[in-house]
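Okay, so here's the structure we're looking at.
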Amino acid sequence: MSPLDMTAAPGAGTETKVVLEAENLGVALPIDGKYVPITTDVSFSVRRGEAVALVGESGCGKSMTASAIMGLPPRGAKVTGRLRINGRDVLDLSPKRRRALCGSEIGFIFQEPMTALHPTLRIGRQMTDTLCHNLGLSRSAAMTRAAELLDLVGIPRPKDILKGYVHQLSGGMRQRVMIALALSCDPSLVIADEPTTALDVTIQAQVLDLMEKMRREFDVAMLFITHDLEVVGDFCDRAVVMYAGDVVETATAAEVTRAPHHPYTRGLIDAVPGTGLERLVPIGGSVPQIGAWPEGCRFAPRCSRATEKCAIRPPLEGAPMPDVRCWHPLTEERT
Amino acid sequence: MSAPALLETKGLTKSFGNVKAVRDVDLSIPRGSTFGLVGESGSGKSTVARLVLRLIEPTSGEIRFGETDLRALKGDKLRRQRRKMQMIFQDPFGSLNLRMTVGETLTEPQSVHGLGRNDAERRARGEALLAEVGLPAAAMDRFPHEFSGGQRQRIAIARALATEPELIVADEPVSALDVSVQAQILNLMRDMQAEHGTTMLFISHDLRVVQYMCDQIAVMYLGEIMERGPRHRIYEMPQHPYTQALLSSVPGSPKEDGKRAKLKGEIPSAHSVPSGCAFRTRCPHAFDRCKVEVPVMHQLGEGQEAACHLLDR
Amino acid sequence: MLRYLAKRFLLILPTIFVPLIMVFLLLRLAPGDPAGMMLGDQATADQLAALRAELGLDQPLPVQFLLWLKGIFTLDLGNSIFFREPVMEVIPRYAGVTILLTLVALTLAIVIGVVMGVISALNRNNPVDRGVVTSAVLGISLPEFWFALLLIFLFSVTLRWFPVSGWTPPSAGLIAFGASIFLPALALGIRQSALMTRMMRSSMLDVMDEPYITTARAQGLPERKVIGSYAMRTASIPVLTVAGLAAGYMLGGAVAIEIVFALPGLGRMLVEAVARRDYPLVEGGVLTISLVLAVLNLVIDLLYAVLDPRIRYQ
């Protein structure tokens, strides 16, 4: 079904299907001849029509997880665990068949559309290359479809834009093109890596509105990678919080942004200036270097609630609270 | 108003070729306060920072630092004036000399400006500065690349304090940092200011950070100030449509009719600034007069001012 | 685009006239008198003076230069002192060989450079890459005439695939022409191809890390297409910049190659004309080479604009 001529209401009547399932997903990179883990035991799932945030600070492994899901990790990376896309195990697929999932089943929106779009190829060429390859359309049919897509993402005079180049567009327009490109082959999963971070705040609002509209119209599962908890609360249904290569907490977006259970998530919220003027409570210390993670709980050295027990690594399931990787989770409601 | 102004500009204007990056900016920063300059990219806020430090020459306008006419200073006098004005940049990696140890970075500005009687004294002061920004004295003999982003920004703050400046201009000082580290640096800067009574010009695109840090705020758009006033007035009763839109675009703000975006379109290029009110092409309330007449500042009480024709009614 | 073209055309003028002025001055400041060379030892002072007047050599230097400039614009470069016929008739006999040689050498250099550079970059740090990089270093450090001799020995003397020397014009059949020009062009182009290989390798390595390459992959495009039409398109832009410089080196290097392979080209003609103090012919030859170089650079700049729209729209 083409989202351009939708007749039925999105998702009506069908039970929501799990599109993406990661189970103990780990990525290790060869550094000085040894594999150093960048992420370990990353488990979560995204259903159709749902937007799930992958939140964390730089170096937590959120972008690495995204590139592993795309099947485009850095050279020499070792990906372990299980990864299912639309029910199919994809980690053992041949590189060629893995690549075939890209574009057609998974769309990707990058942070910097200026550098993520080809500088010397026309916008139309980039879009039609994708459409022709994945959908087998003819060049002219692909061009028509590309113009429809640009129109759909709110780009005026789409035919002219198709003839132009990325440097001729404004920041907001570039990101709209990127969104159209990611959605062009009707994927069931869209991964957006900090899609609004590089934009001005008024443009960021426009792009978030557009992504919400597209998400409903195309009825996609969306994995939204961000460092901004406010955007998570605003845009996402659920959130997966990562710290030092680990998932530390999974919950609804509302819970994560208002009443989190993991001390790290709490710390993140307290560190962001809000409307109140009370003194911020920063998290002490700094994120441990990759390859120098503490044994046991990786957050323990920075955690005010840490005890001896935290020398043992808490599991995501089986610690006092489900979906919270902590021996001493916060239980009281705080606002 | 409260304390007398330490830094004052009148009609500050800067053109690059035929592009007017900053137009007629009047600022007045009371001694000991933090003044916030907010705006999106292309608003000219960073150009203002460089102008008031005389890192670039204004095309026209006045800059006064206390009793001094900054534009009249030249050579040695300007150099001596620089001791009193320091800058903190967004990217401490770019602004610190990577070949200098932290110790050299902290003692060099002292010797340049003839502070301290000898090397030992300057080094002792360097160590004291490090302690003040929360770094151990052992950091003196290490190089910037050995530190994390947040630690480097601490070093940059210590360096700015080394000459005992009266004014610190901070241009997006925490934008490159993760939130947990950002909070550390913001608190540190607030403490510094309380301790030394330094006046600060704080430039940021992040409205939440500006709210946390600043007593007075000016909102810039396309090289002009749209609205300015004390923090509580700007955040609680913004009068300019641009300020209103900016504040309600912050993620997490309440959405009317399910939409986040309050403004259509994007900031016009500085090559083709709209006639009349610079904001009119995106303003939801624009009417005929906005096209032909540049709005003047309207006094709105408690030092709040906004440049908008709507306020005439 | 039009403004860009106009600007480029104006920039041609100095590239032609600066070398001309230099050659004009050098020839006249160097010792030796063409009139004396032409008339021999027995000439009387009157005869010499008459000939000098006829050749315009008795005029002050600026006047000589202006007269000569006027000649250029009226397409009259004077008569060759040695051949005793118009320079405009002598030059074309030699220029074709050199232009063809340079063009084929430049094409070979670009093709070899781009292909080897891409192969090297895609095999980053494995034996293939190291092999290519090592050969490129060798190619850069060895002189052209040595390559020429090596190629003659290997392909002409030992394998007998190509003629040892001599020139067959394209009109005599493309295969024979190809056989006669391949070795000289290869010898002339090999050094530049080595430079281009290194340039292409590093530019390709940079481009492969660009986000837009990740985008192309994330769109599901097969790797062949990602490399062939997304990466190489941008990676070859710097190589093109080098090609302009390479053309200049090649026109200069053609002298040695034409001598080694006994090709009747401009380079050889110039060397002989200089030895004979044949001022008009030397000046005509230099003018031709400057013109060829200017036109080649213009073509390359236009290609640049085709490959990189950011330049077109500036």
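The values are calculated or read from the model by the stated rules, or taken from the named source; none is laboratory data. Not measured: the values here are computed from a predicted model. Note: ideal-geometry Cβ built from the backbone for every residue, glycine included; neighbour counts use all protein chains shown. Just so you know, the surface numbers come from the protein's heavy atoms only, side chains and all, with ligands and any DNA or RNA stripped out. Shrake-Rupley method; radii C 1.70, N 1.55, O 1.52, S 1.80 Å.
Identify all residues within the stretch A:129-159 that are more than 11 Å from every other protein chain (Cβ to nearest Cβ) and more than 26 Å from A:Leu208 (Cβ to Cβ); write none if there are none.
Selection gives A:Gly136, A:Leu137, A:Ser138, A:Arg139, A:Ser140, A:Ala141, A:Ala142, A:Met143, A:Thr144, A:Lys159.
Between residues in the stretch A:99-128 that are facing chain C (nearest Cβ under 8 Å) and open to solvent by 10 Å² or more (accessible area, probe 1.4 Å) and residues that are polar (S, T, N, Q) and not in a strand (DSSP E or B), which pairs lie under 6 Å by C-beta distance while being six or more apart or on different chains?
From the stretch A:99-128, the pairs are A:Ser104/A:Asn134.
Could you list all residues from the stretch B:97-116 that are farther than 15 Å from B:Glu164 by Cα and either assigned by TED's automatic domain parsing to the domain that holds B:Leu78 or in a loop (DSSP other than H, G, I, E, B) (or both)?
B:Asn97, B:Leu98, B:Arg99, B:Met100, B:Thr101, listed by residue number.
State all residues of the stretch B:237-254 that are closer than 22 Å to A:Val272 by Cα and part of a loop (DSSP other than H, G, I, E, B); if no residue qualifies, say none.
Across the stretch B:237-254, the qualifying residues are B:Val250, B:Pro251, B:Gly252, B:Ser253, B:Pro254.
Only one residue in B:Gly61, B:Gly36 is in a strand (DSSP E or B) and either charged (D, E, K, R) or open to solvent by 10 Å² or more (accessible area, probe 1.4 Å) (or both). Which one?
B:Gly61 is the lone residue from the list that is in a strand (DSSP E or B) and either charged (D, E, K, R) or open to solvent by 10 Å² or more (accessible area, probe 1.4 Å) (or both).
Can you report the number of residues in the stretch C:264-300 which are more than 30 Å from C:Phe153 (Cβ to Cβ), open to solvent by 70 Å² or more (accessible area, probe 1.4 Å) and part of a helix (DSSP H, G or I)?
3
Of the residues C:Leu251, C:Leu303, which single one is surrounded by 19 or more Cβ atoms within 10 Å (Cβ to Cβ) and over 30 Å from C:Leu51 (Cβ atoms)?
Exactly one residue qualifies, and that residue is C:Leu251.
Could you grab me the full set of residues in the stretch B:194-209 that are within 11 Å of chain A (Cβ to nearest Cβ) and assigned to a loop (DSSP other than H, G, I, E, B)?
B:His205, B:Asp206 - these are the residues of the stretch B:194-209 that are within 11 Å of chain A (Cβ to nearest Cβ) and assigned to a loop (DSSP other than H, G, I, E, B).
Test A:Tyr243 against the criterion of being touching a residue at least 12 places away in the same chain (Cβ under 8 Å) and within 11 Å of chain B (Cβ to nearest Cβ), and give yes or no.
Against the criterion (touching a residue at least 12 places away in the same chain (Cβ under 8 Å) and within 11 Å of chain B (Cβ to nearest Cβ)), A:Tyr243 qualifies.
Can you confirm whether B:His298 is open to solvent by 80 Å² or more (accessible area, probe 1.4 Å) and in the same structural domain as B:Pro238 (by TED's automatic domain parsing)?
no
Here is a list of conditions, (1) in contact with a helix residue (DSSP H, G or I) (Cβ under 8 Å, 6 or more places away or on another chain); (2) more than 9 Å from chain A (Cβ to nearest Cβ), and B:Gly229 meets all of them except one; can you say which number that is?
(1)
In the stretch A:206-236, which residues are facing another protein chain (nearest Cβ under 10 Å), outside any helix (DSSP H, G or I) and open to solvent by 20 Å² or more (accessible area, probe 1.4 Å)?
Correct list: A:His227, A:Asp228.
Pick out the one residue from C:Leu263, C:Leu287 that is more than 17 Å from C:Thr15 (Cα to Cα) and more than 12 Å from the chain's Cα centre (by Cα).
The unique qualifying residue is C:Leu263.
Select from the stretch B:97-147 the residues that are crowded, with 18+ Cβ neighbours inside 10 Å, over 14 Å from B:Ile157 (Cα atoms) and aliphatic (A, V, I, L, M) and list them in ascending order.
B:Ala139, B:Met140
Could you grab me the full set of residues in the stretch A:21-78 that are open to solvent by 20 Å² or more (accessible area, probe 1.4 Å) and within 14 Å of chain B (Cβ to nearest Cβ)? Write out each step before concluding.
Kept after step one, since they are open to solvent by 20 Å² or more (accessible area, probe 1.4 Å), are these residues of the stretch A:21-78: A:21, A:23-24, A:29-37, A:40-41, A:43, A:45, A:47-50, A:58-59, A:63-64, A:67, A:71-78.
Once the filter is applied, which keeps residues that are open to solvent by 20 Å² or more (accessible area, probe 1.4 Å) and within 14 Å of chain B (Cβ to nearest Cβ), the stretch A:21-78 yields A:Ser58, A:Gly59, A:Ser63.
Looking at the stretch C:221-263 only, could you name the residues that are in a loop (DSSP other than H, G, I, E, B) and either in contact (Cβ under 8 Å) with a residue 60 or more places away in the chain or under 30 Å from C:Pro163 (Cβ atoms) (or both)?
Here is the first cut: in the stretch C:221-263, the ones in a loop (DSSP other than H, G, I, E, B) are C:221-222, C:236, C:261-263.
Within the stretch C:221-263, C:Ser236, C:Phe261, C:Ala262, C:Leu263 qualify.
Name the residues in the stretch B:155-178 that are buried (at least 22 other Cβ atoms within 10 Å of the Cβ) and within 11 Å of another protein chain (Cβ to nearest Cβ), would you?
The answer is B:Val174, B:Leu177, B:Asp178.
Quick one: count up the residues across the stretch C:162-216 that are touching a residue at least 12 places away in the same chain (Cβ under 8 Å), farther than 30 Å from A:Glu194 by Cβ and not in a helix (DSSP H, G or I).
Within the stretch C:162-216, residues that are touching a residue at least 12 places away in the same chain (Cβ under 8 Å), farther than 30 Å from A:Glu194 by Cβ and not in a helix (DSSP H, G or I) number 8.
Let me confirm something: among A:Ala254, A:Ala259, which residue is closer than 26 Å to B:Leu207 by Cα, of a type outside the set (Lys, Arg), surrounded by fewer than 24 Cβ atoms within 10 Å (Cβ to Cβ) and touching an Asp or Glu at 6+ places or on another chain (Cβ under 7 Å)? Break it down into steps so the answer makes sense when it comes.
Details: A:Ala254 fails: touching an Asp or Glu at 6+ places or on another chain (Cβ under 7 Å).
Residue meeting the stated conditions: A:Ala259.
Return the residue satisfying two criteria in turn: it lies in the stretch C:213-241 and is hydroxyl-bearing (Ser, Thr, Tyr) and surrounded by fewer than 16 Cβ atoms within 10 Å (Cβ to Cβ), and of such residues it is nearest to the other protein chains (Cβ to nearest Cβ).
Restricting attention to the stretch C:213-241, the residues satisfying the condition of being hydroxyl-bearing (Ser, Thr, Tyr) are C:214-215, C:229-230, C:234, C:236, C:241.
So of that shortlist, the ones also surrounded by fewer than 16 Cβ atoms within 10 Å (Cβ to Cβ) come out as C:229, C:241.
Numbers: C:Ser229: 8, C:Thr241: 14 Å.
In this case the residue turns out to be C:Ser229.
Is it fair to say A:Asp200 is more than 15 Å from A:Ser104 (Cα to Cα), open to solvent by 10 Å² or more (accessible area, probe 1.4 Å) and touching a Ser or Thr at 6+ places or on another chain (Cβ under 6 Å)?
yes
Which of the residues belonging to the stretch B:163-180 are free of Cβ contacts under 8 Å to residues at least 40 places away in the same chain, outside any loop (DSSP other than H, G, I, E, B) and under 13 Å from B:Val209 (Cβ atoms)?
Residue satisfying the conditions is B:Val179 alone.
In the stretch A:173-184, what count of residues is obtained for those that are open to solvent by 10 Å² or more (accessible area, probe 1.4 Å) and in contact with a helix residue (DSSP H, G or I) (Cβ under 6 Å, 6 or more places away or on another chain)?
1
Can you name every residue in the stretch B:64-89 that is open to solvent by 70 Å² or more (accessible area, probe 1.4 Å) and basic (Lys, Arg)? Working first, answer last.
Step one: list which residues in the stretch B:64-89 are open to solvent by 70 Å² or more (accessible area, probe 1.4 Å), which gives B:64, B:67, B:71, B:74, B:76-77, B:79-80, B:82.
B:Arg64, B:Arg71, B:Lys74, B:Lys77, B:Arg79, B:Arg80, B:Arg82 - these are the residues of the stretch B:64-89 that are open to solvent by 70 Å² or more (accessible area, probe 1.4 Å) and basic (Lys, Arg).
Quick one: which residue in A:Pro282, A:Pro301 is free of Cβ contacts under 8 Å to residues at least 40 places away in the same chain, open to solvent by 20 Å² or more (accessible area, probe 1.4 Å) and out of contact with any helix residue (DSSP H, G or I) (no Cβ under 8 Å at 6 or more places or on another chain)?
Answer to the check: A:Pro301.
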